[in-house]
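None of the figures in this text is laboratory data; all of them are computed from the coordinates on show. Owing to the predicted nature of the structure, the values given are computational and were not obtained by experimental measurement. With ideal geometry, Cβ positions are generated from the backbone for all residues, glycine too; neighbour counts draw on all protein chains shown.
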Amino acid sequence: MRGTNSKLIAVIGATGQQGGAVVGALQGSSQFKVRALSRNPDKHRELADEVVKADLNRPESLRAAFEGAHGVFLVTNFWEKGTDELAEATAAVRAAQDAGVKHLIWSTLPDVEAISGGRFHVPHFTGKAKIDRIVKEAGFSHHTFVIAPFYYQNLMGALAPQEQADGTLGWALPLDPDVRCIHMGDIRELGHIVAGAFAHPDQAGNGEYLPLVGDFMSFQEIINTLNRQGHKFSFKRVPKEVFATAFPGGAEAAETFSYFQAHTYLGSNSDYQIALANKIAGRQPTKFSAWAQANFPVETA
Ligand SMILES: NC(=O)c1ccc[n+]([C@@H]2O[C@H](COP(=O)([O-])OP(=O)(O)OC[C@H]3O[C@@H](n4cnc5c(N)ncnc54)[C@H](OP(=O)(O)O)[C@@H]3O)[C@@H](O)[C@H]2O)c1
C-alpha cells in the first residue's frame, strides 16, 4: 500500500532487465510511487502506478516524463541499434534538471580506457563512465552511481552455451578460463540497491559507487558449478582474432574478455563499494550456485 506522501520515482528502461528490477524493488516499498517509462507505454499499462511515454532520442518527451518526480533511474542501452549513450544520457540529465528532480541514479560501468592506460577499448563500458562527470556536475541534491555486473542471465541469453564442433555443449571464448575476473550477479537484484539508495540519500546519494556483485568467478568456476549441478558443459579457449570476426559484435565482446582477464570486470579492488551496496540494499546478493540451481535447468533429453 503506497502512502500519500510517497515519493515519485521515474524509471527509464522500465520494460527491460535493469529498469524492470528497479520497478519491482520500488513497488515493494511503501515509500515510493513508480512511473515506468517506455517508448511504448500502451503495451505495458500494468507495469507500475503510472506508465508514461519517454524516448531518450526525443528530448521533448523527457520533460513531461520527469515532471513531478523526486527521483530518476537512468540506464541507456548500448546494444540497441542507433544508440548514442552520451547524447541520450545528456538529454535525460538536462531534462531531469529542468524538471527539478532531486536524486538521479545513473547505471554506469568502469572506465576501461583509464583503467588499462588506453590498452583496451570497450565502448559499452567507457562510454557509460564518461557520463559520470555530466551527472556529477549537474548539481542534483543527490546523485548515485550503480554498477551492473556481468548478468548471470547472460549465460542463458546472449552468452548461452552453444553446440561445439566436437558435439559437446559449451563455450568457445577468447579467455583464460582459470583467471578469476568476472564480477557477476542476478540483475533482478540491482533494484534493491537502487531502492535503498533512493531511501537513504544521506548514505548513498553523494556520488557513491554501488556495484551489484553476487559472485566473483573464473569461467572454469562457472562451468564447474554448473557441471556439479548435472550439466556437461565444455570450454575451449579460442584466439581473440577468430572470435572477433565470428559474429556481429564479436570484436567488442573479445575486447571485453581481454579487459576482464587483465584487470577484472570492475577493474580495481571494489570491496568497500560492494559492502556499501549490500548494506544499502539491506541484503546479500545471491551466489551463482544458488541462482543456477533455481534458474538454469538441466536438459534431460
Ligand atoms: N548484459 C550485461 O551483462 C550487462 C552488464 C552491465 C551493463 N549492461 C548494460 O545494460 C544496458 C541494457 O540494459 P538492460 O539489460 O536493462 O536492457 P534490456 O533488458 O534490453 O532493455 C532495454 C531497455 O531500454 C529501453 N530503451 C532503449 N532505448 C530507449 C530509448 N531510446 N528511450 C527510452 N528507453 C529506451 C527499453 O525500453 P522500451 O523498449 O520499453 O522503450 C528497455 O526497457 C546496456 O547498455 C548494457 O551495456 C549489461
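Per-residue packing, averaged as other Cβ atoms within 10 Å, sorts the ranges 260-270, 230-240, 67-77 into the order 67-77, 260-270, 230-240, beginning with the highest. What residues of the range 226-263 lie in the reach of a label at Glu299, counting those whose backbone N is under 14 Å from a point 7 Å from the Cα along Cα→Cβ? The answer is 231-234. Note on Lys53: lysines with a C-alpha under 25 Å away, same-chain residues under 8 apart excluded, are Lys7, Lys33, Lys43, Lys81, Lys102, Lys128.
For the peptides 78-85, 10-17, the ranking by packing is 10-17, 78-85, with the highest mean count of neighbouring Cβ atoms within 10 Å listed first. Taking Cβ atoms as reference points and 11 Å as the exclusive limit, the residues near Ala99 contribute a net charge of +1, counting Lys and Arg as +1 and Asp and Glu as -1.
Positive contributions from Lys and Arg (+1) and negative ones from Asp and Glu (-1), summed over other residues with Cβ under 10 Å from the Cβ of Arg63, come out at -2.
Based on DSSP H segments of at least four residues, each scored -39500 (n - 2.57), the chain has a per-residue ellipticity at 222 nm of -10000 deg cm²/dmol. Rounded to the nearest 20, the Cβ-based charge dipole of the range 1-145 about its Cα centre (Lys and Arg +1, Asp and Glu -1) stands at 220 debye.
Considering only alpha-carbon pairs that sit under 8 angstrom and 6 or more positions apart, the relative contact order computed for the range 9-88 is 31 percent.
Partner aspartates and glutamates whose Cα lies under 20 Å from the Cα of Lys279, excluding those fewer than 8 positions away in the same chain, are identified as Asp186, Glu189, Asp202, Glu208, Asp215, Asp271. For the chain, the share of DSSP beta bridges that are antiparallel, to the nearest 5, is 15%. Based on C-alpha pairs under 8 angstrom that are at least 6 apart in sequence, the chain has a relative contact order of 17 percent.
Within the shell of other residues whose beta carbon sits under 11 angstrom from the beta carbon of Gly24, the net charge comes to 0, with Lys and Arg scored +1 and Asp and Glu -1. Candidate cross-link partners of Lys240 among the aspartates and glutamates, defined by an alpha-carbon separation under 15 Å and a same-chain spacing of 8 or more, comprise Asp176, Glu252, Glu255. Full extension of the chain segment joining Lys53 with Arg94 gains 13.0 nm, where the gain is 0.36 nm per residue of separation less the Cα-Cα distance. With a Förster radius of 25 Å applied to the beta-carbon distance between Glu241 and Ala160, the computed FRET efficiency rounds to 0.60. Would you please classify the overall shape of the chain from the alpha carbon gyration tensor, given that a ≥ b ≥ c denote the square roots of the eigenvalues, rounded means a/c under 1.5, and beyond that prolate means a/b larger than b/c while oblate covers the rest? It comes out prolate by the Cα gyration axes.
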